[in-house]
Every structure is written in C-alpha cells, then in structure tokens.
Amino acid sequence: MKIIVPKRGAFIMVLALVGAALVGIGYAGIGKMDSDIPAETTAATVTEVKPENAALEKPQSEGSGKEQKKNDGFFIEYRLERERTRGQQVEWLREIINNPNAEADTRKKAQEKLYAITQNIGKEMEMENLIRAKGFKDAVVLLQDKGATVVVQSESLTTEQAAKIAELVSRNTGIPMNGIVIIPKP
C-alpha cells in the first residue's frame, strides 16, 4: 500500500520535524543556565564564569564512582539521542530523495540537507576530540545552521577557557563566536 503525500506538504513536514528535533536537542540543559550571566560575552554564551585569573581547572580525582558514572552517562545519553535524531532525519531525507514523485527542487534541497548533516557529524566528533585534548574530561558539540551548543564536563569555566573553546569551534566550523553557547556540566 502506498501513501501519497503532496510534495510540498511532505517537505514542509520533514523540515518542521527536523527543526523541532534540533531545537529540542540544542536547548537540552540550557534551562540550567545561571540567570546572572549576560546573553552574550565576547567569546560565547556561558552559564558560569570564574574570575579571569583563576587557574585552569584540573581533572577531578575526588568524588564517588557512582557520581562519576552519572556524569559520564549524561554525555553518553546526549550523544545517543543526537544520533537517534540524526538517524530519523537522514531516513526522512532519503525518502524524499528516493521519491520519484518529489519535485526536483525538493529532492535537491533534501540532498543538500543530507550533505550538511553528514558534514556536521564529522565536525562535531572532531570538535569533541579537540576539546578533550584541551584537558576536559568530556564534551558534546551540537552544530546547527547558524550556531553551536557545546556542553563541557566541568564544574565551571573561566572566561579564558570559554574563549578558547569558542575560538576552537569557530575556527573549525566558521560559526561566529557569539553564535556559540558553552555550557559547563559537572
């Protein structure tokens, strides 16, 4: 049994679902932001900032193993959810691309979106590895069309640390530094 959906309606529905999924993932955890922090800093938006002369954070060696597993679980779950959402997006886009009834323009836009998703996947993994290489235990990066959300496993971030992370992401993605949100997550 084939279900025929108007081309334009299907495309709009897919874009709406993709957008909703990205917004949901992008704002996960942002509700925990400190309301005293301004909306923009010179480097990026951060939830908590230490004085600029504070020493770089050292890896945490204290704390219970149970708490550490919980913290690690957040980052694992975030990545899994991101991959599930991306898998759905890729599936929808492939359906549009492979639909012989879809308009050429609609299929072309779906191909472009699919290409952008695959590019973002690689960039996100690269950014996460580079942030870990900077001394942070873990990080999750979510790239959107005009911005990025970075969740870093850290109690808090100094302004210098936030600037370094934002500069790293900006340089490797082309996203302006004021379009990058950095969230410390213990």
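The table for this structure:
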item	result
Amide H contacts of residue 185 (H built 1.01 Å from N, under 5 Å, at least 5 apart or other chain)	152, 153, 154
Over 24 Å (Cα to Cα) - which of 123/185; 113/134; 109/185; 108/146 fall in this group	113/134; 109/185
Surrounding net charge for residue 172, when Lys and Arg each add one and Asp and Glu each subtract one, Cβ distance under 15 Å	+1
Relative contact order, percent, region 89-176 [alpha-carbon distance under 8 Å, six or more residues apart]	19 percent
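Values in this text are rule-based calculations from the coordinates and carry no lab data. Owing to the predicted nature of the structure, the values given are computational and were not obtained by experimental measurement. Quick reminder, even Gly has a Cβ in these numbers, built from the backbone with ideal geometry, and neighbours come from all protein chains shown.
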